[in-house]
Amino acid sequence: MESAAEAVTEIRGRLRHAGATSASFELIHALTAYADRLDKVGRVAEAAEVSAEVMAAWWHQADSTVQFLQAVDLCSERLVRSGQPEQAHACIVEAMGRMRRRKRDTYQAGAWHDLGVRLLALGAPHAALSAGEQAVQLYRDRARAHQERHRELEAEDDWDDDHRYSEAYLLKRRHEELESSRKEVRRAEQDLRDALLALSACLQRLDRLDEATAAAAEAATLPD
C-alpha cells in the first residue's frame, strides 16, 4: 500500500511541476490502485475519499462517461460499506444531475442499472426510478440494435460467394457468424429483462402497481 501512496505522491509532484491543471490518466490509474489497496486492508472510508477524487477526475476527461459512472458506483458502494449511506445517496444524485449535460448512449446502460439498484437499496425509490428508466431505455435501444443486425445478417445472400474457400468452410463460417449474433441478441435481451425487473421493483416501492406489472410482464417475454 505504501508503494501505491508513493506513486500517487510522485505523479502529483510531476504534474504540479509541469503546471498541469487537471489529473492525467496516469494519476487516475494510480489513485484507483491506491483506493483498491486501502479497501483491501479495511480502510474503506479512506478508499471512498480517494474514489471520489477518481470520480471527479474522470468527469473532466473527454469520452470518459462510462468510467465516470463506474467510479460513481464504486465510490457510493464504498461509502455504504463505510457506514455513510446518506453520502452515498448524495454522491449518486449529484452525479445524475451532472449527467443531464451529457449524451446518453447504450454503452452506459449497465452503469445506470447498477446506480438504480443501489439507490433503491438506499431507500431512495424516486431517484432509483430515474436511473432505472434510463437503464431500461438504453438496454431496449441496444437490444433492438442487436436484433436488427441479426435480421440483416440472416438476410444476407452472398455469404457463399467467396470462391477462395470451399463450400464447407463458408457454411461453417456462416453458422459461426449467425451463432455469435444470436448470443449477442440473447445477452442484450437478458440485460433488458434484468433492468425491467429492477424497474418493476422500484415502481412497486412507489405503489405504481399497474406500471410495475407491465414492466414485469415485458420482462417475462424475454429470455432469463
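Quick look at the values:
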| quantity | calculated |
| --- | --- |
| Sites matching chymotrypsin sites (Phe, Trp or Tyr not before Pro) across region 105-154 that sit in DSSP coil, with at most 11 neighbouring C-beta atoms within 10 Å | none |
| Loop trypsin sites (Lys or Arg not before Pro), region 133-202 (other Cβ atoms within 10 Å of the site Cβ: 12 or fewer; DSSP) | Arg164 |
| Size descriptor, Kirkwood hydrodynamic radius, that averages inverse alpha-carbon separations across region 42-120, Å | 12.5 |
| Rounded to whole Å, sorted largest first: equivalent-ellipsoid semi-axes of region 178-224, Cα gyration tensor | 26, 8, 5 |
| Cα centroid separation, region 124-161 to region 62-121 (Å) | 22 |
| Accessible carbon and sulfur surface of region 138-224 relative to its total accessible area, %, 1.4 Å | 46 |
| Value of [θ]222 nm, deg cm²/dmol, for the chain, DSSP H segments ≥ 4, -39500 (n - 2.57) each, nearest 500 | -27000 deg cm²/dmol |
| Which of Leu171, Leu197, Leu222, positive extreme of dipole for region 145-224 (C-beta unit charges) | Leu197 |
| Residues of region 73-224: accessible area per residue with a 1.4 Å probe, Å² | 58 |
| Radius of gyration and maximum dimension Dmax of region 138-178, Cα, Å | 13.3, 41 |
| Size descriptor, Kirkwood hydrodynamic radius, that averages inverse alpha-carbon separations across region 53-172, Å | 16.6 |
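The values are calculated or read from the model by the stated rules, or taken from the named source; none is laboratory data. This structure is a prediction, so every number in the text was calculated from the model and none was measured. Neighbour counts run over all protein chains shown; Cβ positions are idealised from the backbone, glycine included. What goes into the accessible areas is simple: the full protein's heavy atoms, side chains included, and nothing from ligands, DNA or RNA. Shrake-Rupley method; radii C 1.70, N 1.55, O 1.52, S 1.80 Å.
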